[in-house]
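A.B. asks: Got a structure for you, written out below as structure tokens; questions coming shortly.
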Amino acid sequence: MSKINIHNVSVNFRIYHDKSPSIKGYFSSLFKSNKDNAYSNYSAVKNVSLVIEPSERVGIIGHNGAGKSTLLKTLCRIYEPSSGIIHVNGKIAPLLEIGAGFHPEFTGRENIYLNGAILGLKKQQIRSLEDGIIRFAEVEEFIDTPVKYYSTGMHMRLAFSLATATQPDIIILDEIFAGGDASFVANAKSRLREMIHKSDIMIMVSHDHELVKSLCNRVIWMDHGQIVADGLPDEIVRQYLAADAIGE
């Protein structure tokens, strides 16, 4: 069975402050001492430890900049932890920045094969899924048109349809319904619920607290890169909203 173990994980970034575009400014910076360097270190995630067991559906809430998305991207190996250890047992399907890998000059069909390969699917698998992906995305008339001509809604529908075409062990979601049209969102949520039901583990970041409460059986509240609270959805969301109301 799938399982995730996160032990004392931190993720640090270097933030540069020198906005000077000049060549002179660049070369002069080479001779500055360390204390004069025009950057600072920023800790997006700070010593986070978590164990996520099979059958858990985990929602992560918190303000923008709390470290939620950084933690998910670290789980998906988009970022490497600066320190600590992550052990994942199971196949992950990351639905983070849907469609980010689409090539604008390629047609919708070509992007299905390109991104399917990126997701680890073999050509024969993609071919067997192709018709269903196109049909769910409702882009039959435009599937051989370059995606640079797609509307935002068409682009999102095709990307979501491709990303959810196979059943993973672990589903990781980050605000994937932002910007979608109402009818698509309704169909996508229905499809996603089926996937979640069949998956071992689901982890999601969302500012839609009602959606979090409806899909999750555990909620984690993060703030400034650390876990503030971890428990039942109704209780943790209530604590978060109460703290937010008094400006904490």
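A.B. asks: Once you put a point 7 Å from the Cα of D131 and another 7 Å from the Cα of Q239, both along the Cβ direction, what distance in nm separates them?
C.D. replies: If labels sit at D131 and Q239, their model points lie 5.1 nm apart.
A.B. asks: Same structure again: Choose one of L158, I126, V9: the residue whose Cα lies farthest towards the positive end of the charge dipole of the chain (beta-carbon charges +1 Lys, Arg; -1 Asp, Glu; about the Cα centre).
C.D. replies: Selected residue: V9.
A.B. asks: Might you report the magnitude of the Cβ-based charge dipole of segment 80-225 about its Cα centre, with Lys and Arg at +1 and Asp and Glu at -1, to the nearest 20 debye?
C.D. replies: 420
A.B. asks: Considering only Cα-Cα distances, which of the following residue pairs are longer than 31 Å: K91/K213; K3/K123; K3/K68; K68/K123; K46/K213; K73/K122?
C.D. replies: The answer is K68/K123.
A.B. asks: Given Cβ point charges of +1 (Lys, Arg) and -1 (Asp, Glu) and nothing else, what value in debye, to the nearest 20, does the dipole of segment 111-151 about its Cα centre take?
C.D. replies: With only Lys, Arg, Asp and Glu charged at Cβ, the dipole is about 300 debye.
A.B. asks: Here is a further query. What list of ³J(HN,Hα) values in whole Hz, one per residue of segment 228-244 in order, does the Karplus curve 6.51 cos²θ - 1.76 cosθ + 1.60 (θ = phi - 60°) give from phi, with Gly and Pro shown as x?
C.D. replies: 8, 8, 8, x, 5, x, 4, 5, 5, 4, 4, 4, 5, 5, 5, 5, 5
A.B. asks: Counting Lys and Arg as +1 and Asp and Glu as -1, each charge on the Cβ, what is the dipole of the chain about the Cα centre in debye, to the nearest 20?
C.D. replies: My answer is approximately 720 debye.
A.B. asks: So the label point goes 7 Å from the Cα of K198 along Cα→C-beta, right? Which residues of segment 154-175 then have their backbone N under 15 Å from it?
C.D. replies: 161-171
A.B. asks: In segment 72-121, with Lys and Arg counted as +1 and Asp and Glu as -1 at Cβ, which of these residues, L72, H87, T107, has the Cα nearest the positive end of the dipole, that is, farthest along it?
C.D. replies: In segment 72-121, that residue is H87.
A.B. asks: Based solely on its DSSP helices, what 222 nm [θ] is calculated for the chain when runs of n ≥ 4 H residues each add -39,500 (n - 2.57) and the sum is averaged over all residues, nearest 500 deg cm²/dmol?
C.D. replies: Result for the chain, helices only: -11000 deg cm²/dmol.
A.B. asks: What percent antiparallel are the DSSP beta bridges of the chain, to the nearest 5?
C.D. replies: In the chain, approximately 55 percent of DSSP beta bridges are antiparallel ones.
A.B. asks: Under a point spin-label approximation (7 Å from Cα along Cα-to-Cβ), what is the E105-K123 distance to one decimal in nm?
C.D. replies: Calculated label separation equals 2.1 nm.
Read-outs: derived from the displayed coordinates by stated rules, not from any lab. Please read all numbers here as calculations on a predicted model, not as lab measurements. Virtual Cβ from ideal backbone geometry, glycine too; neighbours counted across all protein chains shown.
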